[in-house]
Each structure stands twice: as C-alpha cells, then as structure tokens.
Amino acid sequence: VSVAAAPGASVQASPPRGGLIGALAGTDHKSLGARIVVVAFAFFLAGGVLAALIRTELLTPQLDVVSRQLYNALFTIHGSTMFYLFIVPMAVGVGVYLVPLQIGATGMAWGRLGLAGFWLVLAAGVTMWSGFLTQGGAAAVGWYGFYPLSDVPNSPGIGTDLWILAILMAGLAAIALAASLLATVVQRRAPGMTMLRLPPFTWTIIVTCLMIVTAFPALIVAMTLLFIQRQFGGPYDGSAGPITYQQLFWFFGHPVVYVGFFPFLGAAAEAVTTFSGKRWFGHKPFVFALLVFAAGSMSVWAHHMFTTGAVNNRYFAFTSTLLLVPAGVEYFDAAATMHGGRIRLTASMLFALGFFFTFLIGGVTGVWVASPPLDYQATDSYFIVAHFHYTLFGGGVLGLFAGIYLWFPKVTGALLREGLGKVHFWLTMVGVNLAFFPMFFLGQDGMPRRYPEYTGHPRWQTLNDLSSAGAYVLALSLLVFIANVGVSLLVRRPAGPDPWGGQTLEWMTDSPPPPHNFDMLPPIRSHAPLLDRRRRPEGAA
Amino acid sequence: VSRPWVVFGLWGCFLVVLAAVDWLIFAPPDALQYAMPAAAAAGCGLLALVALLRPRAGGARRPERVVVLSYATVVLTLGLAAVLVGFEVGTWLCLLGGGVALGGLLGLVREWRQLR
C-alpha cells in the first residue's frame with residue numbers, strides 16, 4: 001500500500017505513482033475519473049460502431065448486411081453498451097474528476113470503493129462483449145431483456161447469461177462510484193462550502209448519485225432473479241412474473257435516463273454561466289427544482305408499461321407530466337443566465353445551447369408519450385426510438401461535449417482547437433437531427449422498432465436512408481473530435497489555470513491540478529467563489 | 001438544505017409523498033408500485049442518518065493518511081467478477097475467483113493495518 005495525505009495534514013508514506021501502476025491501482029480521483037471517462041468513451045465509440053451497422057442494414061428494405069439474429073444482438077448490445085457502459089460510467093466518471101475540485105477537497109472519500117467501481121465497469125464491458133465470441137452469439141433480448149423473452153426457451157445460449165452478469169457488475173460499479181461521490185460531498189467540502197454554495201454541476205452529481213443508490217438496487221434484484229430464473233426457474237414463474245420483472249426493471253430503467261441527463265445538464269449550466277460571464281441565475285430554485293425533478297423521475301417508471309394494463313396509468317401520466325415544471329425552471333434559469341450576459345460562442349457554449357435545444361425536442365415528445373392514449377399509438381414504434389435518442393443524445397452527449405470543451409484544458413493543460421470544435425458541433429447538430437428526426441415520421445407511419453426488414457413498405461426507405469445518412473454524419477463528427485483531441489495534445493497550446501474566466505474552484509488551481517489539488521483556496525461566500533473574488537478582491541472594503 | 005443529511009432526508013420525503021399519493025389516491029393494483037419508492041425513501045433515510053453521524057471533517061484536521069495505490073482492491077474486485085462469471089462458465093472459475101478475492105481481502109486487511 002502507498003499512502004499520502006492532504007496538504008498541511010498529510011503523511012506521505014511513498015509518493016503517488018503514475019503510469020501503468022497508477023492506471024492499475026491508483027485511487028487519486030483525477031486519474032480515476034480520467035480513466036473512467038476514457039473507458040466510457042471507448043465504449044461509446046464501440047456502441048456507435050454497432051449503431052452504424054444497424055443503420056447500414058436499414059438502408060434497404062431487405063435483409064442484406066446481417067442475419068436477423070445478429071441484428072437483434074446488435075441493437076441489444078448497442079443499447080446495453082450505451083446505457084450500462086457509456087452514459088452511466090461517464091456521468092459518474094466526470095463527477096469523480098470534478099466534484100472534489102469544485103468543493104475544494106484534496107481528494108475523494110472512499111477511494112478504494114471508487115477504484116473497485118472502475119474495474120467493475122471494465123469487467124462488465126469485457127463480459128458483455130465476450131458474448132459475441134460464444135456459440136449462440138451475444139444477447140439478443142433488447143437492452144431491457146423483458147421476461148419471458150429473456151428466459152432460456154426463448155433466448156438460449158450463454159450470451160444472455162453473460163449479458164445479465166455484465167449488467168450486475170455495471171450496476172454494482174455505478175453504486176460504488178455514486179456512494180464514493182456522496183461520501184465526498186458529505187465529508188470533504190472545504191470550510192465555507194455549505195450545501196447551497198455548491199456549484200450547479202456538483203448539485204447535478206448529487207441528485208444523480210441519489211438516484212443511483214436508490215434506483216439501481218432494483219436492477220440488481222431484477223437481474224439476479226432473472227439469472228436464477230434462467231438457471232433454476234422460480235422467481236418469475238406464473239402470470240405475474242413478466243409484470244414483476246418490468247416493475248423492477250423500469251424502476252431502474254427510467255431513472256437511468258436522468259442519470260444520463262442531470263450531470264450533463266450541470267455541465268451545460270457551467271458552460272452557460274462561464275461563457276455568459278454571469279453567475280447561474282436562481283441557484284436556490286434550481287437546486288430545489290433538481291431535487292423535485294429527481295424525485296419525480298423516480299415516480300414515473302411505469303409510463304413504460306402503459307400498454308400492459310397492469311399499472312395505474314392515471315398516476316403515472318400525472319407524475320410524468322408533472323416533470324415539466326422542474327424542467328421548465330431549469331430552462332428558465334439557463335435563459336435568464338444568458339440574458340444580459342456577455343455571451344462568448346465558444347465550442348463549449350455552442351454545445352450547451354445545442355443541448356438545451358435538442359433536449360427540448362426529446363422533452364416535448366416525452367409529454368406526448370406521457371399521455372396513455374398517445375402512448376398506445378406510439379409504443380414500440382420508431383417514434384419512441386426518436387424520442388429517447390433526442391433525450392439521451394441531446395440530454396447526454398451534447399451536454400457531455402459542452403463539458404469536454406469546457407474542462408479539457410483543466411484536465412490536460414492544453415486547449416482544444418476552437419475551429420475544429422465548431423466544425424464538430426455543426427456536424428453533430430446536422431447528424432443528430434438528420435438521424436433522429438425522420439424516425440418520428442417513421443413511427444407515426446407505423447414502423448416498429450427492432451425490425452431489420454420493411455419490404456412491404458417501400459416508402460419507408462427514404463426516411464430510413466436519411467436517418468442512416470445522419471448516423472454517418474455523426475460518425476464523421478466524432479472523427480473530427482478525435483482529430484481535435486489528437487492535434488491539441490500533440491501541438492499543445494497551454495491553457496493556464498483559468499483559460500475561460502471560470503467561476504468555480506477548479507479554475508483556482510493549476511491545469512492539470514497537482515496531486516493535492518489546491519495550494520490555497522479563496523474565501524467561499526457563494527456558488528461562484530472566483531467570480532466573487534474578481535468582483536470583490538480579498539482585503540477590499 | 002444547508003447540510004447533506006437535510007438534503008437526503010428532504011429527497012426521501014419527496015419520495016414518500018409521491019408513494020403516498022399513489023397509494024392513497026390512485027389505489028395501485030400492484031403493491032410494488034408504492035413499495036419500491038417507499039424502499040427508496042427508506043434508503044434515503046439511511047443515507048441521511050449516515051450523513052448526520054459522519055459529518056464533514058472540521059477545519060483543523062488531524063494528519064490524515066489516505067490510500068493512493070491499492071492493488072488489493074483491484075485483486076478483490078477482479079476476483080469477485082470472476083466468481084460472478086464463474087456461475088455461468090463453471091465451478092472452476094468460481095473457485096479460482098474466490099481464491100483471488102480472498103487474496104485481495106487479505107491484502108485489504110494488510111492495507112488497513114498499515115494505515116493505522
């Protein structure tokens with residue numbers, strides 16, 4: 001064991017090691033967070049390759065690229081990778097890196113638990129993807145693996161079992177990382193950093209972690225019972241079994257959408273506030289709205305089950321529609337922050353604006369499917385695919401890129417190229433809308449999701465081709481981003497501690513931050529301590 | 001919401017209110033429908049209790065030794081992952097993973113003793 005401690009209070013048994021050793025066993029929140037982000041991004045690219053294969057298959061009405069079984073496996077592992085291996089680890093990984101910095105801490109609490117979380121994510125990814133190497137192929141049951149489709153008679157083969165075990169590991173990883181982050185916020189805040197002085201991003205991580213530690217246990221239970229069912233039978237036997245599985249699964253399955261949304265709302269909020277030159281408007285109402293939003297999103301899960309007839313549709317329609325109120329508060333806060341500000345349209349700010357625009361489409365169509373009569377029409381159609389991709393890509397990926405362009409200089413010490421960043425942004429916006437907007441029309445016209453062929457409906461081909469073209473544009477946009485990262489790291493433009501005029505504590509320290517994070521901290525009087533410092537320097541009357 | 005335990009408790013209360021509205025007004029057909037939010041609220045209550053009992057370290061901290069490298073954690077985690085996969089692959093992997101996990105556990109004990 002190698003130990004070190006906080007500045008001024010530390011006992012360092014041996015210096016922290018970087019390189020391979022640090023990558024294997026280091027618990028420093030910065031290297032741990034960076035590792036989680038890189039691994040999650042790698043899974044995002046892998047899941048994206050599967051999406052490209054799916055879209056290539058759908059270019060023509062016939063089945064001509066993959067078999068039906070492989071197509072089922074492709075969309076299953078695509079969805080599973082994006083949820084369990086990308087968006088959730090990415091959400092907490094960004095938090096692991098930034099939360100200790102934003103709260104003025106020297107490190108993360110329960111670092112070993114966080115380290116275990118990282119390795120569980122890796123193990124989950126290897127386990128899930130190894131299904132492709134098995135005789136029956138990878139799991140082909142959809143990312144939610146409904147019972148009895150996921151039972152042995154309907155889905156024989158080891159691939160489904162590996163998928164279940166992988167989800168168990170990924171779920172445990174998320175809980176471990178979320179618990180570490182919550183403990184960090186509880187125990188490691190700097191003097192003066194009260195809860196209401198925490199920045200917007202840290203607050204979004206808090207509610208995300210609350211949702212993870214309270215909702216993900218339902219996933220663990222659902223998957224454990226499913227594994228037992230497949231091995232021995234029992235837990236889901238009987239007519240109530242499929243509904244019980246769905247209740248357990250969706251109790252996790254809806255909050256996970258918000259787990260993939262809130263941290264990136266926080267990232268977009270930090271980008272908006274930084275590049276508007278103003279503090280975040282209505283911080284206290286924002287915090288309250290976040291808590292209400294998160295609690296509400298724990299109470300809407302069965303809108304995924306409207307058509308089963310086994311849940312109380314009126315209640316879930318009511319709670320699902322109620323979510324508009326806190327969402328509206330957040331949009332209002334963002335608009336009011338920009339109002340009257342000195343807006344700089346950097347790549348980060350553009351992605352933040354794109355985030356709010358794109359998520360709005362996902363949100364508005366969410367109101368649509370929150371209404372049971374309309375949901376009956378749209379369920380299991382491409383309308384739903386369009387809706388949740390607008391929600392997750394708009395609410396997740398665009399916000400993530402707003403954060404990456406904002407914090408990349410802090411993490412690496414080098415600025416990303418703004419020109420390439422803007423090319424990346426516009427390609428992404430074109431790609432997202434070209435890929436997902438036609439799906440609304442396909443869904444309205446009755447095209448079911450998960451079908452690789454549509455030979456009886458030749459008029460769907462144009463819309464599918466547009467959608468596939470959008471997917472390729474998205475792939476191109478990612479190549480531009482990767483090129484941007486490569487160029488920026490190879491030909492470095494030093495960022496300095498605070499290249500943007502940031503307002504939160506992470507901009508107080510070097511880029512990248514030293515092992516102990518801070519040499520000194522300013523007085524903390526609000527959620528924007530560096531803005532306070534610029535406007536009211538220490539010692540000023 | 002000035003303290004973490006208040007935040008956790010408040011959030012748990014929101015969940016209780018929503019579960020109660022469901023139970024009392026909408027009369028759900030399935031007990032899971034209100035039992036799950038109620039269980040989540042209970043989990044929040046537990047978190048609030050932990051946060052209340054283990055508050056933030058004060059301004060004048062004692063020298064604190066923290067782990068910066070922990071091979072034992074990696075070994076334990078991978079051992080447990082192997083045990084899980086072993087349930088599908090075979091008993092041999094369960095046993096192997098169990099042995100590795102035990103080694104990791106002993107390593108954690110060693111780390112803990114070194115930190116004291």
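Details
- 10 Å Cβ neighbours from other chains, averaged over peptide B:22-32: 5
- Within chain A, helix-based [θ] at 222 nm, where runs of 4 or more DSSP H residues each add -39,500 (n - 2.57), nearest 500: -21000 deg cm²/dmol
- Near B:Leu69, the amide H atoms lying under 5 Å from its own belong to A:Ser2, A:Thr27; only residues 5 or more places off or on other chains count, and H is placed 1.01 Å from N.
- Whole-angstrom gap from segment A:486-541 to segment A:72-98, using each part's C-alpha centre: 30
- Residue-count net charge about A:Gly486 - beta-carbon cut-off 12 Å; Lys, Arg +1, Asp, Glu -1: +2
- The mean number of Cβ atoms from other chains found within 10 Å of a Cβ in peptide B:6-15 is 5, as a whole number.
- For segment A:452-459, backbone phi angles converted through the Karplus equation (6.51, -1.76, 1.60; θ = phi - 60°) give residue-by-residue couplings of x, 10, 8, 5, x, 9, x, 5 Hz, Gly and Pro being listed as x.
- Counting only whole DSSP H helices of chain A, the ones at least 30 Å long by C-alpha along their axis and with mean Kyte-Doolittle hydropathy no lower than 0.5 are A:29-57, A:158-187, A:200-232, A:347-369, A:418-444, A:460-490.
- Note on B:71-84: average number of Cβ atoms from other chains within 10 Å of each residue's Cβ is 6.
- Which of A:Thr214, A:Thr509, A:Thr358 has the fewest Cβ neighbours within 10 Å, and the rest in rising order: A:Thr509, A:Thr358, A:Thr214
- DSSP loop trypsin sites (Lys or Arg not before Pro) with at most 11 other Cβ within 10 Å: longest gap in chain A: A:1-341
- For A:Lys30, a cut-off of 22 angstrom between C-alpha atoms picks up these lysines, skipping any fewer than 8 places away in its own chain: A:Lys410.
- Highest-first packing order for the peptide set B:26-34, A:237-245 is B:26-34, A:237-245, based on the mean count of other beta carbon atoms within 10 Å.
- Relative contact order (%) - criterion: Cα under 8 Å, at least six apart; region: chain A: 16
- Counting Lys and Arg as +1 and Asp and Glu as -1 over every other residue whose Cβ lies under 10 Å from the Cβ of B:Thr73, the net charge comes to 0.
- Peptides B:106-113, A:253-260, A:44-51 ordered by average Cβ neighbours within 10 Å, highest first: A:253-260, A:44-51, B:106-113
- Within-14-Å neighbourhood charge of A:Phe227 [Cβ basis; K, R +1; D, E -1]: -2
- Cα centroid separation, segment A:100-161 to segment A:377-442: 24 Å.
Laboratory data are not the source of any read-out in this text; all were calculated from the coordinates shown. Since the model is a prediction, treat every value here as computed from it, not as a measurement. All Cβ positions, glycine included, derive from the backbone under ideal geometry; neighbour counts span all protein chains shown.
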